[in-house]
Amino acid sequence: MRDCDAILIGAGPAGAVAAAVMARRGLDVILVDKAHFPRDKVCGDFIGPHAVRELDELALGSALQSGNRVGAGSVFIEGREVLRSPLPTGSELPPFGYVIPRQTFDERLFRAACAAGARPLEGHTFADYRVEGETVSVTLRGESGERVLRARALIGADGSASLVALRMRGRPQPKADRLIALRAYYDGIAMPPGGVDVHFHAATFPGYFWIFPTGDGHANVGIGIASQTVAPPKRHLRDLMRDLIENDAAVLARLGPAAVAGKLAGWPLSTYNARLPIVAAPVALVGDAAGFINPINGEGIQYALASGRWVAEAIADAFERRTSLGTALAAYALRVTNEIGLDLELNRFIVAVATNRALNPAWLALLRVWCARAARDPEYLRVAAGVVAGLVPSRRLFDAAVRNVSFAEGFGLLRTTAPLAVARTTGAALTAVFREPAATLRWLANLCGAGWGSRHALLPPRA
Ligand SMILES: Cc1cc2nc3c(=O)[nH]c(=O)nc-3n(C[C@H](O)[C@H](O)[C@H](O)COP(=O)(O)OP(=O)(O)OC[C@H]3O[C@@H](n4cnc5c(N)ncnc54)[C@H](O)[C@@H]3O)c2cc1C
């Protein structure tokens, strides 16, 4: 006796899209969430061009209604604007994204999934599951006690602290995969609503501070940083963020007389790690629960939407054709690897390199010359800024033109930098090795692992 075809744990973007697609295909699905909608989700609220296209293709574009449309971005390094440009989307993507509070966006997707036929079960927390033959029994805890539901498939869409993933994998995601981030809303900002700001500082690199306007003088303001670094920041992220807001002239000019609305909220992000399984039939993970977060920019909504659709299509195909669910979920995992996995692996390597903060002066100097190049070379802008913004595959960084220009600019920087600055950076790096031998070894090991994994990204994509 089963209660439904599939149970989805988590009704954020990944779960809501998976539920909507399966319900449209005629499957009986139960969409469980521990919260009641509308609920807040700590996020930058930026729905990028990939996500906009995905929502349109799924006929869910109405979730973006009244969102603030942004078509440009500015990059600041240590308070100085080094690049301002339209979003480098090329011709395949819409040249804009939206900033829309998740409280609104997620509720719309949740209601759309329910309208498509998914059965909602709010206020219920996933506790555990057990597989018995071709049935998965899922234990939930609600306000009125514990209950068990049975289905043919279970999808974990329960976000970055996924309990479904923990039960499936039997171990938590390594701490080295984590980013930590803070977000606050501001009212009365002085910044025009059509663009987003990204600020890099040595104190918070590898990571960035953002101002994403939500329209009508409001903005989502936040900061994110890798949690495991060599030479970690000496101060709490909250103090670093306050410091930037109070003392960085560029940030002050953008925020003007704005005041914080509500509380500063923090949230961890678990970035992509290809060594961790995302399926163990009849269970599959999607969105943040699977670690589909871009390590370079912390974005995950586009991957949440896409993975929700992919898993739903795989399961619906298997049930309609009466073929093996195990084979369908293996095909889903392979699709993830081919469409986003290899790229996210390469991004993981790029970020692993930058987690040696002792070299921050060098990283920021390189970023500065690359931004200067991007400001005068549209193709370079399209690829280099596109990779940082998650708009083009990172493997394009190795296209001959981009690679050669990057190296040439890097060597140019080395030639023109005073020997004293080079000596200082090298000295700081060596000091970090002696001060933090364990962290340095961890960095090297992480680098080797990430490099080993990302080599796949440089091979021609599989058919
Ligand atoms: C500070 C910050 C800024 C970010 N900024 C951006 C950005 O600007 N753009 C972008 O694309 N991405 C951003 N991200 C990432 C983005 O928020 C996630 O990738 C996205 O929310 C993933 O969607 P999801 O559906 O997988 O998970 P979630 O949105 O986290 O949804 C998970 C759902 O599961 C429910 N749940 C959790 N545990 C249980 C349980 N045990 N039982 C039942 N229900 C449960 C939760 O209540 C929630 O509704 C940011 C993340 C952070 C932390």
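Nothing in this text is a laboratory measurement; each read-out follows from the coordinates by a stated rule. Keep in mind it's a predicted model, so treat the numbers as computed, not measured. Every residue, glycine as well, gets a Cβ built from its backbone with ideal geometry; the counts of neighbours run over all protein chains shown.
At-a-glance table
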item: Amide hydrogen neighbours beyond the local backbone of Gly142, cut-off 5 Å, H modeled; result: Thr125, Arg147
item: Rounded to the nearest 20 debye, dipole of the chain from Cβ charges on Lys, Arg, Asp, Glu; result: 1000 debye
item: Interchain or long-range residues, amide H under 5 Å from Asp28's placed H; result: Asp5, Ala6
item: Value of [θ]222 nm, deg cm²/dmol, for the chain, DSSP H segments ≥ 4, -39500 (n - 2.57) each, nearest 500; result: -12000 deg cm²/dmol
item: Most to least packed among 200-213, 152-165 [average Cβ atoms within 10 Å]; result: 152-165, 200-213
item: 0 to 90° range, to nearest 10: angle between helix 301-321 axis and the chain longest Cα axis; result: 30 degrees
item: Residues Leu285, Leu83, Leu31, sorted so that the one with the fewest Cβ neighbours within 10 Å comes first; result: Leu83, Leu31, Leu285
item: Amide H contacts of Leu83 (H built 1.01 Å from N, under 5 Å, at least 5 apart or other chain); result: Val75
item: Total charge dipole magnitude, the range 178-270, about the Cα centre, Cβ charges on Lys, Arg, Asp, Glu only, Debye to nearest 20; result: 360 debye
item: Peptides 16-29, 170-183, 420-433, 101-114 ordered by average Cβ neighbours within 10 Å, highest first; result: 16-29, 101-114, 170-183, 420-433
item: The range 355-458, relative contact order in percent, only Cα pairs under 8 angstrom and at least six apart counted; result: 34 percent
item: The chain: relative contact order in percent, alpha carbon pairs under 8 Å with at least 6 residues between; result: 18 percent
item: 3J(HN,Hα) from dihedral phi, the range 3-10, Karplus parametrisation 6.51/-1.76/1.60, rounded to Hz, x for glycine, proline; result: 7, 6, 6, 9, 10, 10, 9, x
item: Rounded to 5, the percent of DSSP beta bridges in the chain classed as antiparallel; result: 70 percent
item: Rounded to 10°, Cα long-axis angle of helix 102-115 versus longest principal axis of the chain; result: 30 degrees
item: Rg followed by Dmax, in Å, when the range 178-270 is reduced to its Cα trace; result: 12.9, 41
item: Length gained when the stretch Ala202-Val433 is fully extended (0.36 nm per residue, less Cα-Cα span); result: 81.3 nm
item: Cα pair distances exceeding 42 angstrom across the chain, given as percent; result: 16 percent
item: Derived scalar couplings ³J(HN,Hα) [the range 263-277; Karplus, 6.51 cos²θ - 1.76 cosθ + 1.60; whole Hz; x for Gly, Pro]; result: 9, 6, 10, x, 7, x, 10, 9, 7, 5, 9, 5, 7, 9, x
item: Three-way shape label, the range 29-143, alpha-carbon gyration tensor, a/c 1.5; result: prolate
item: Residue-wise HN-Hα coupling along the range 68-74, computed from phi with Karplus coefficients 6.51, -1.76, 1.60 (Hz; x: Gly, Pro); result: 7, 7, 10, x, 8, x, 10
item: Using alpha-carbon coordinates, inclination of helix 360-376 to the longest axis of the chain, degrees; result: 90 degrees
item: Over the range 242-401, relative contact order from alpha-carbon pairs under 8 Å, at least 6 apart, %; result: 18 percent
